[in-house]
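Beneath this line is the structure, given in structure tokens, with notes to follow.
The values are calculated or read from the model by the stated rules, or taken from the named source; none is laboratory data. Values in this document were obtained by computation on a predicted structure and should not be read as measured data. Note that we place each Cβ from the backbone using ideal geometry, even for glycine, and neighbour counts take in every protein chain shown.
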Amino acid sequence: MDDDKILAFDIETVPDSEAARRVYDFDPAMSEADVFEAVLQIRRQEGDGREFLPLPLQRVVVIAVVYRTPTTLYCGALGEVDTPEEDLVRRFFGALERETPQLVSWNGTGFDLPVLHYRALRYGVAAPTYWETGDRRTDFRYRNYQARHLSSRHTDLMEVLAGGGGYGRAGARGRLDTVARLVGLPGKFDGSGEEVLERVRAGRLEEVRDYCESDALNTYLLHLRYLYLRGARSADETRRESERLRHWLEEHPSVSRRAFLDRWNREIWDHLGESPPS
């Protein structure tokens, strides 16, 4: 069966004020709020119309995954609430090195993976298999994590569903919340990315972990449906995999997971043909 090992993931970040101080030689006495405003002012002067800190200045606070093999299923945020960022980054790339799964994301090409690249660079996290393109392993020559095509070991669902296999037209790209709700999934029912910094500052990191986990769940389930669309899974197999995840969430309950299950519209989600188109 195609994609026997799947690692769907999502990350949450906040601005890295310490790095911004070093990069822009800011006065060490500047408050965090003043650092953020100063960086945004620099961005405005660059004239690209973006008021978002550059990706190298994003600090990872949560990485959540859904990991599936024929015999294993796991969903959750890596580490604990107080796990250092470096350890989170090492755990993520360590899992890729050990398992070499099909990596699945929503906008991972444009955000999640570049941020993780910069944080790996920051902490010196080596991941030879992740960066392999065929120089040492011939089986990675045409299928690796760096490729931007449909046979890549990383599937960015946002790009693929936009019709580009990594080069989807910008105007065709959908938001995770929109596309998830379209097929009966809960989408972003427990907040938005704009609330992450506020929650982290208030010490509510557990809420951010739950929010990130729900994004990983939406992403994983959308990938199951994508596998069905391209004939890699039958309708029955797709339903069985969905039920497998539902049972796992019921057996490992939390407030957020119960809310996810309650909002999962099975009538819409299960509306599949008996087999993929021939």
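Just one of (1) under 30 Å from Arg230 (Cα atoms); (2) modelled with pLDDT under 95; (3) within 19 Å of the chain's Cα centre (by Cα) trips up Asp2, so point out which. Looking at each condition in turn, Asp2 falls short on (3). Here Ala33, Ala38, Ala19, Ala120 are screened, and the one residue that is part of a helix (DSSP H, G or I), modelled with pLDDT under 95 and either among the acidic types (Asp, Glu) or surrounded by 17 or more Cβ atoms within 10 Å (Cβ to Cβ) (or both) is Ala19.
A count restricted to segment 85-109 and to residues that are of a type outside the set (A, V, I, L, M, F, W, C), more than 19 Å from Ala180 (Cβ to Cβ) and buried (at least 17 other Cβ atoms within 10 Å of the Cβ) stands at 5.
When Glu159 is tested against (1) in a loop (DSSP other than H, G, I, E, B); (2) farther than 30 Å from Ser254 by Cα; (3) of a type outside the set (A, V, I, L, M), exactly one condition is not met: (1). With respect to the conditions (1) surrounded by fewer than 17 Cβ atoms within 10 Å (Cβ to Cβ); (2) hydroxyl-bearing (Ser, Thr, Tyr); (3) touching an Asp or Glu at 6+ places or on another chain (Cβ under 6 Å), Tyr74 falls short on a single one, namely (3). Against the condition of a type in the set (Lys, Arg) and over 28 Å from Leu150 (Cα atoms), how does Arg258 come out, does it pass? Judged against the criteria, Arg258 is a match.
Taking each residue of segment 111-123 that is over 17 Å from Ala95 (Cβ atoms) and looking for partners that are surrounded by 15 or more Cβ atoms within 10 Å (Cβ to Cβ) and among the basic types (Lys, Arg) with beta-carbon atoms closer than 7 Å, six or more apart or interchain, yields nothing. Condition test on Glu132, is it modelled with pLDDT under 90, surrounded by 12 or more Cβ atoms within 10 Å (Cβ to Cβ) and more than 14 Å from Trp106 (Cα to Cα)? Judged against the criteria, Glu132 is not a match.
Among the residues of segment 131-166, those that are within 16 Å of the chain's Cα centre (by Cα) and of a type outside the set (S, T, N, Q) comprise Tyr145, Arg153, His154, Asp156, Leu157, Met158, Glu159, Val160, Leu161, Gly166. In segment 62-106, the qualifying residues are those that are assigned to a helix (DSSP H, G or I) and of a type in the set (Gly, Ala, Ser), and the one that is nearest to Ala216 (Cα to Cα) is Ala95. Screening the candidates Ala232, Ala216 for the property of being small (Gly, Ala, Ser), touching a residue at least 40 places away in the same chain (Cβ under 8 Å) and in a helix (DSSP H, G or I) yields one hit, Ala216. Just one residue in the set Leu197, Leu185, Leu157 is surrounded by 15 or more Cβ atoms within 10 Å (Cβ to Cβ) and either basic (Lys, Arg) or within 21 Å of Gln146 (Cα to Cα) (or both); that residue is Leu157. Among the residues of segment 184-207, is any under 26 Å from Arg239 (Cβ atoms) and among the aliphatic types (A, V, I, L, M)? Scanning segment 184-207, I find at least one residue that is under 26 Å from Arg239 (Cβ atoms) and among the aliphatic types (A, V, I, L, M), so the answer is yes.
For first residues located in segment 7-31 and touching a residue at least 12 places away in the same chain (Cβ under 8 Å) and of a type in the set (Phe, Trp, Tyr), partners that are crowded, with 17+ Cβ neighbours inside 10 Å and not in a strand (DSSP E or B) and lie 6+ apart or on another chain with Cβ distances below 8 Å form the pairs Phe9/Phe92; Phe9/Gly108; Phe9/Asp112; Phe9/Ala216; Phe9/Thr219; Tyr24/Val39; Phe26/Ala20; Phe26/Val35.
Scan segment 192-206 and tell me whether some residue there is part of a helix (DSSP H, G or I) and modelled with pLDDT of 95 or more. Yes.
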